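The values are calculated or read from the model by the stated rules, or taken from the named source; none is laboratory data. Since we're looking at a predicted model, the values are computed, not measured. Every residue, glycine as well, gets a Cβ built from its backbone with ideal geometry; the counts of neighbours run over all protein chains shown. Keep in mind that these areas ignore ligands, DNA and RNA; they rest on the heavy atoms of the full protein, side chains included. Shrake-Rupley method; radii C 1.70, N 1.55, O 1.52, S 1.80 Å.
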Amino acid sequence: MSAPSPLALVKDTPYADYSASATKLTGGMINFVWRLEDAHGRTVVLKYASEAMSEYPNAPMSTERLEFEARGLCLLNGPRPLAASLQQTPHLRKLAELGARMPQTPGVYVPRLLHYDGSRHFVILEDLGSLQPYNEWCSPEQPARSSEDLVLISRRVGQWVARLHGFGQGHMQVLGRHFVNTPAREFLGSVFYDVLRG
């Protein structure tokens, strides 16, 4: 399954100027992802959800997954102002307001959701740059990392996950209405059962 042109998707958004170049990003299996650049060298990331996995086009998957990602990113927006294009969507605004009360973890940064188009199945995200994935960063093939660095980063990520789970438990009634992802449950169930039936 192919994806539409990222420049065609961004054309009718507040990020239409980010059309100087589009570079396909690799490393994922689910969505199509590009880094878009404007004439001044500023960049954003566009993520598109097709009706199948990007790396496995014969594996259908609901495009609704991007709605859940948008909800999660609004919840994790922290105290930052919600992007103007998202202010018009009441449930995203409410999730951002709730998430602003979540304790922050120094050194852990979630990219900001800048734009969401549910009808065309794409999001535009803040670009954090070309960062090395954690599993590569701490790989034995990489230059030696100090054990202090590994402990510090692992501790911060662990604190962030613990705070996220604690916050979720404390707000389960509200969050439950927004995060029951039935299509993902069905997809994962079919994948695991097919493997077990083998």
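Of note:
- Residue check for Q169: exposed (fewer than 14 other Cβ atoms within 10 Å of the Cβ), farther than 29 Å from S54 by Cα and either in contact with a strand residue (DSSP E or B) (Cβ under 9 Å, 6 or more places away or on another chain) or not aliphatic (A, V, I, L, M) (or both): yes
- Test: residue in region 152-161 that is basic (K, R), modelled with pLDDT under 95 and assigned to a helix (DSSP H, G or I): yes
- Within region 172-192, considering residues that are over 23 Å from Y109 (Cβ atoms) and assigned to a loop (DSSP other than H, G, I, E, B), the one most open to solvent (accessible area, probe 1.4 Å): R177
- One residue from P111, P143 being touching a residue at least 60 places away in the same chain (Cβ under 8 Å) and assigned to a loop (DSSP other than H, G, I, E, B): P111
- Each residue in region 44-58 was checked for being touching a residue at least 60 places away in the same chain (Cβ under 8 Å) and either surrounded by fewer than 18 Cβ atoms within 10 Å (Cβ to Cβ) or outside any strand (DSSP E or B) (or both), and 2 pass.
- Residue selected from region 133-151 under the condition modelled with pLDDT of 75 or more and among the aliphatic types (A, V, I, L, M), by the criterion least open to solvent (accessible area, probe 1.4 Å): L150
- Filter result for S2 (touching a Ser or Thr at 6+ places or on another chain (Cβ under 9 Å), more than 28 Å from L95 (Cα to Cα) and among the polar types (S, T, N, Q)): yes
- Inspection of region 28-36 finds a residue satisfying the criterion of being assigned to a loop (DSSP other than H, G, I, E, B), open to solvent by less than 40 Å² (accessible area, probe 1.4 Å) and without any contact (Cβ under 8 Å) to a residue 40 or more places away in the chain.
- Qualifying residue in region 75-82 (condition: farther than 29 Å from S154 by Cβ, open to solvent by 20 Å² or more (accessible area, probe 1.4 Å) and within 14 Å of the chain's Cα centre (by Cα)): no
- Scanning region 1-36 for residues that are more than 19 Å from the chain's Cα centre (by Cα) and farther than 13 Å from R120 by Cβ yields M1, S2, L7, P14, A16, D17, Y18, S19, A20, S21.
- Test for A96: is it surrounded by fewer than 16 Cβ atoms within 10 Å (Cβ to Cβ), of a type in the set (G, A, S) and assigned to a helix (DSSP H, G or I): no
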